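The values are calculated or read from the model by the stated rules, or taken from the named source; none is laboratory data. Please read all numbers here as calculations on a predicted model, not as lab measurements. In this analysis, Cβ positions are derived from the backbone assuming ideal geometry, glycine residues included, and neighbour counts consider all displayed protein chains. We work out accessible area using only protein heavy atoms, side chains counted, and drop any ligands, DNA or RNA first. Shrake-Rupley method; radii C 1.70, N 1.55, O 1.52, S 1.80 Å.
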Amino acid sequence: MATPTVPVYDYSHAEPSLSAYTSMMLKLYFQNLAKLSIAQVLDVGPVCNENILHFARRVKRYYVCDLFLRLNRNRSKGWVFEKVLDHLDHPPGCFEGINLWDFIDHLKNDDISRLVKRCHALLAPGGMMSVTSFEKQWAPAKTYAFVINDGHQVTFRLQRHLDLPRYYHSNRIMTSVLSEFPTVKSFIYRNGVREFLCKND
Amino acid sequence: MLKKGRKPEEDQNSPYDTTTKPGAPAPKSVASPSARTENTIIGENISIEGHIRGNEHLVIEGAMKGNVQMEGHDFKVGSRGRIEGEIKAQNVKISGQMIGNITTKGKVEITREADFMGDIRAKGISIEDGAYFKGSIELAQEPHRKTTLSAKSTNPATPTPVNDPKTETAKKAV
């Protein structure tokens, strides 16, 4: 008797905490970008086509510098974060927006401070930096792209090519490292995502 | 090795497919009136230094240093291809390494194997997860999209920022 065919589904990537959410930070971010006649935005990755299209259709020029992939490649070469940071070699004050996503969750505290200082220098007056970070108990084991959908809804897509460690940073540490910015708005969601919108007033 | 591959009739919409079926006629070595449907392939053991202008599709599997100008035709860097230079073509697909800027009237496609540094101006873009990308993207604004951010300025004399990071990402790297 033939064995019935059973469909096999791959749930290995589906981490239970990663439910979609509607981002208040992105709503504010886009509202602010819309006020600028010429907006140039930098994204540190991971490369995500939906996000590229979403921003590139709304800003004058969208820059991508995939630090996630650089960090991943550097792990085998001795894990020197400065080498990764060297890729942010843009002139000071040239961006109205910087998207860090959850890149800082893959960095140690000292490295976060260096990254935030560099990004602060790259922002134009009035520019904004968006940061996301997971609460400890909700942090996924793997690396995901935050994918922007209509209505500022964010879904997650596993980045199979990335194998990066994840560090937890408490709210106190986050507040401390983002203190370069005079204005920081923060949001927290049921899925454990924390969002920070930092403005360079 | 320079090759010309006639594409199967059914694949005429995928200009990058250069495979030939067993028993199919050998690749032609001279241009024909139907050159538009052919790809010129620069093989992986070939290195070129200099500029290319052309009127048919081009695939680079080898190494090239120089500019490519072929508006109206498609250009591809294969997964083993390496190129440093400016590309002007109808549609561009990058699967190998490229340092340089791309200007197209059509679409740019960057696959997961690609390592790209440069600036892109195109009507459409597609970048696969896993591709390395450093550079900028400027999409051609469609007329009905004039309500987008960049067009919201009512002052036509809005100055360009002093620090435009149109960084010549590619130039630096080259």
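The strands (runs of 3 or more DSSP E) falling completely within region B:45-163 that include 2 or more residues that are at pLDDT 95 or above and open to solvent by 30 Å² or more (accessible area, probe 1.4 Å) map to B:47-49, B:82-84, B:97-99, B:107-110, B:115-122. Scoring A:PRO140 on the criteria (1) over 27 Å from B:ILE120 (Cα atoms); (2) open to solvent by less than 10 Å² (accessible area, probe 1.4 Å); (3) without any contact (Cβ under 8 Å) to a residue 24 or more places away in the chain leaves a single failure, condition (3). With respect to the conditions (1) modelled with pLDDT of 95 or more; (2) of a type in the set (A, V, I, L, M); (3) under 26 Å from A:ASN74 (Cα atoms), A:ALA139 falls short on a single one, namely (1). Going by the conditions given, is A:PRO125 within 14 Å of chain B (Cβ to nearest Cβ) and at pLDDT 95 or above? When the stated conditions are applied, A:PRO125 does not pass them. Of the residues making up region A:143-166, just one is within 14 Å of chain B (Cβ to nearest Cβ), of a type in the set (S, T, N, Q) and surrounded by fewer than 16 Cβ atoms within 10 Å (Cβ to Cβ), namely A:THR155. The set of residues from region A:64-90 being at the interface with chain B (Cβ under 9 Å from one of its Cβ atoms) and β-branched (Val, Ile, Thr) comprises just one member, A:VAL64.
Suppose we filter region A:35-63 for residues that are more than 7 Å from chain B (Cβ to nearest Cβ) and polar (S, T, N, Q); how many remain? Going through region A:35-63 one residue at a time, the tally reaches 1. Is it true that some residue in region A:72-95 is assigned to a strand (DSSP E or B), crowded, with 18+ Cβ neighbours inside 10 Å and touching a residue at least 40 places away in the same chain (Cβ under 8 Å)? Scanning region A:72-95 turns up at least one residue that is assigned to a strand (DSSP E or B), crowded, with 18+ Cβ neighbours inside 10 Å and touching a residue at least 40 places away in the same chain (Cβ under 8 Å). State whether one or more residues within region A:119-131 are within 16 Å of A:ASN171 (Cα to Cα) and assigned to a helix (DSSP H, G or I). Among the residues of region A:119-131, not one is within 16 Å of A:ASN171 (Cα to Cα) and assigned to a helix (DSSP H, G or I), which makes the answer no. Within region A:105-117, identify whether any single residue is open to solvent by 10 Å² or more (accessible area, probe 1.4 Å), without any contact (Cβ under 8 Å) to a residue 24 or more places away in the chain and on the phi < 0 side of the Ramachandran plot, and answer yes or no. Yes, region A:105-117 contains a residue that is open to solvent by 10 Å² or more (accessible area, probe 1.4 Å), without any contact (Cβ under 8 Å) to a residue 24 or more places away in the chain and on the phi < 0 side of the Ramachandran plot.
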